[in-house]
Amino acid sequence: MLPALRRDPLRAFMDAAVRFGDVAFFKIGSRRGYLITNPSDIRHVLQDNARNYQKSPLYQKLRTSLGDGLLTSEGAFWLRQRRIAQPAFHRQRIEALAGVMTDAAAETAVRWETLATQGHPIEIGNEMMRLTRTVVLRALLGGDLGPYAATIDAAWATINQQIAESFWSFGIADKLPTPKKRRFHAARAVLHGAVDHLIQERRRKSSGNADLLSMLIEARDEETGESMNDLQIRVEVTTFLLAGQETTALALTWLWYLLSQHEQPRRRLAEELDRVLRGRQPAFADLANLPYTRMVIDETMRLYPPAWGFSRQAMADDRLGGYELPRGWLAFVIPYVLHRLPAYWEDAEQFDPERFSPSRSADRSKFVYIPFGAGPRQCIGNHFAMIEMLLVVATLAQRFSLRLVPGHRVEPYAMITLRPRFGMPMYIERRD
Ligand code: HEM
């Protein structure tokens, strides 16, 4: 399957699932594994027997380029890091951060007021990336990127592109010193510079509030009393900075795209926001009264899950869906495929936020809709991201309507995350 996966992983996985059903055998270079699409098998791998499954060697690319942090590490080390970070994501803490999120969205609204009058299209992906980065920086890391702020986006795009391009290579061509490789190292230096700047600023003057960065800096090992060294803090901060901004920004980018293509949901959303908020900024307490806004977000991440696929490796022999899964084999869990399989979704390709209404979701297995993963390795930022997206959509969709540049081709591009291959240029228009 290697050539097919390199060419178009979404199609390769989708075709296999449709053709072969719950368990599809994959041979990728010298590796073997199954694509699984039955909710009980997914539950088995990600949750019930999660101890037997580690993140697959495909994550090695992330490890070597970003370092071994919460997203990629395993075992006792992972558990320790997760416990250190967890308090920063408690529900009450996130609620307290709603103001930071709304303020950042309101600043974007001010920018957009000007952009709306200028009448030329804007790359919405960049707008969302800037917004979600601001939120992560202010809410979790309590700082700014100083001189690196201007170059960080280009640097991350380079890193993302190169990891994705080498994703299915299993390390064969990775060691050659090419111009691409040099660009990659330069980009990584920008990223490290930015993150080191954050850590040093914090060490220089403590912010006084217990945010994620101070938790990482102040954490002590229960047994040895040792704190994390700067390198390990850098790895974790990089992980949070990237995991926190990229996925959320992409979900929002796809959301603006889908709304621009579907008039009825766009109107319903506007109607809900007008009725509940009456033109004022949303607060945390409003979110419970915005069920349709939430459905639009859920439905967006169904069709375009920012983390489109992940994989695990079996540590010991197991059985999946009645088949032997020998030790060392891989299990592919691909939200993009699960979220579009006709077996689980009526009119699967149709954008229909109402399918997430309580009555229509009641009978659905929770393992066929997993934009944030599942089990112990589920996204630590899922509530944070959901609240952020709700506040951003409520702030911006109240005042603006976005229109795709006519004729622009939109296609999902499965890198590490699911990006629009040709970008998302849109006109920003004021709603009157
Ligand atoms: C819409 C937004 C987001 C989506 C779709 C998303 C998706 C995911 C998924 C699918 C995983 C599990 C990957 C796997 O099992 O291999 C994950 C893990 C993770 N996410 Fe998110 N994420 C989002 C937002 C965030 C935010 C806002 C943060 C932090 C500020 C974050 C930080 C992390 C971290 C640290 C992990 C690793 C957790 C662990 O293994 O213990 N994510 N995310």
| task | Could you calculate the FRET efficiency of D48 with N126 from 1/(1 + (r/R0)^6), where r is the beta carbon distance between them and R0 is 30 Å, rounded to 0.05? | result | 0.15
| So how far, in whole Å, is the C-alpha centre of segment 51-102 from the one of segment 244-270? | 26 Å
| said: If I model a spin label as a point 7 Å beyond the Cα along the Cα-Cβ vector, how far apart are those points for A343 and D274 in nm? | reply: 4.4 nm
| field | FRET efficiency, R82 to R430 (Cβ-Cβ, R0 51 Å, nearest 0.05) | value | 0.70
| Considering the dipole of the chain built from charges on the beta carbon (Lys and Arg +1, Asp and Glu -1) around the Cα centre, which of G69, T300, L259 is farthest to its positive end? | G69
| query | In segment 61-163, with Lys and Arg counted as +1 and Asp and Glu as -1 at Cβ, which of these residues, A96, I122, L79, has the Cα nearest the positive end of the dipole, that is, farthest along it? | reply | L79
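Please find the FRET efficiency linking A4 to E95, where r is the Cβ-Cβ separation and R0 is fixed at 60 Å, and quote it to the nearest 0.05.
0.85
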| Which lysines have a Cα less than 28 Å from the Cα of K366, not counting those fewer than 8 places away in the same chain? | K55
| message | Only four residue types carry charge here, +1 at the Cβ of Lys and Arg and -1 at the Cβ of Asp and Glu. Report the dipole size of segment 239-364 about the Cα centre in Debye, rounded to the nearest 20. | response | 260 debye
| task | Only Cα pairs under 8 Å and at least 6 apart count here; give the relative contact order of the chain as a rounded whole percent. | result | 27 percent
| field | Low-density loop cleavage sites - GluC sites (Glu not before Pro) in segment 208-261, where at most 11 other Cβ are within 10 Å (DSSP) | value | E222, E223, E226
| query | What 222 nm value per residue comes from the helices of the chain, counting each DSSP H run with n ≥ 4 as -39,500 (n - 2.57) and dividing by all residues, nearest 500 deg cm²/dmol? | reply | -15500 deg cm²/dmol
| task | Restrict the search to segment 329-416; then list the trypsin sites (Lys or Arg not before Pro) that DSSP places in a loop and that have at most 16 other Cβ atoms within 10 Å of their Cβ. | result | R364, R409
| field | Extended-chain gain in nm, criterion 0.36 nm per residue less alpha-carbon gap, K366 and V405 | value | 10.4 nm
| note | By the Cα gyration tensor axes a ≥ b ≥ c (a/c under 1.5 gives rounded; else a/b larger than b/c gives prolate, otherwise oblate), the shape of segment 173-312 is oblate
| field | Test item: Cα-centred dipole of the chain, Lys/Arg +1 and Asp/Glu -1 on Cβ, debye | value | 820 debye
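If I take every Cα pair under 8 Å that is 6 or more residues apart in segment 291-360, average their sequence separation and divide by the length, what percent do I get for the relative contact order? The partial results should precede the final answer.
Working: 82 pairs, mean separation 27.0, N = 70.
About 39 percent, as a whole number.
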| query | What residue among D363, D15, D68 shows peak mean-square fluctuation when the chain is described by a Gaussian network model with Cα springs under 10 Å? | reply | D363
| Tensor-based shape of the chain (alpha-carbon gyration tensor, a/c under 1.5 rounded, otherwise prolate or oblate) | rounded
| query | About the Cα centre of segment 44-152, what is the dipole size in debye to 20, counting +1 per Lys and Arg Cβ and -1 per Asp and Glu Cβ, all else neutral? | reply | 560 debye
| remark: Distance in Å, no decimals, from the C-alpha centre of segment 1-49 to the one of segment 344-409 is 23 Å
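Hey, got a sec? Which trypsin sites (Lys or Arg not before Pro) in segment 237-291 land in a DSSP loop and have at most 16 other Cβ atoms within 10 Å?
Passing both the DSSP loop test and the Cβ count: R278, R280.
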| said: Could you tell me the relative contact order of segment 331-432? Use alpha-carbon pairs under 8 Å, at least six residues apart, and round to a whole percent. | reply: 18 percent
| request: Report, ordered by chain and residue number, the lysines lying within cross-link reach of K180, taken as a straight Cα distance under 25 Å and ignoring same-chain residues fewer than 8 apart. | output: K61
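We did not get these values from a lab; they are worked out from the coordinates using the rules stated. In this text the structure is predicted, and so the values were computed from the model without any measurement. Methodologically, a virtual Cβ is constructed for each residue, glycine included, from the backbone with ideal geometry; neighbour enumeration extends over all protein chains shown.
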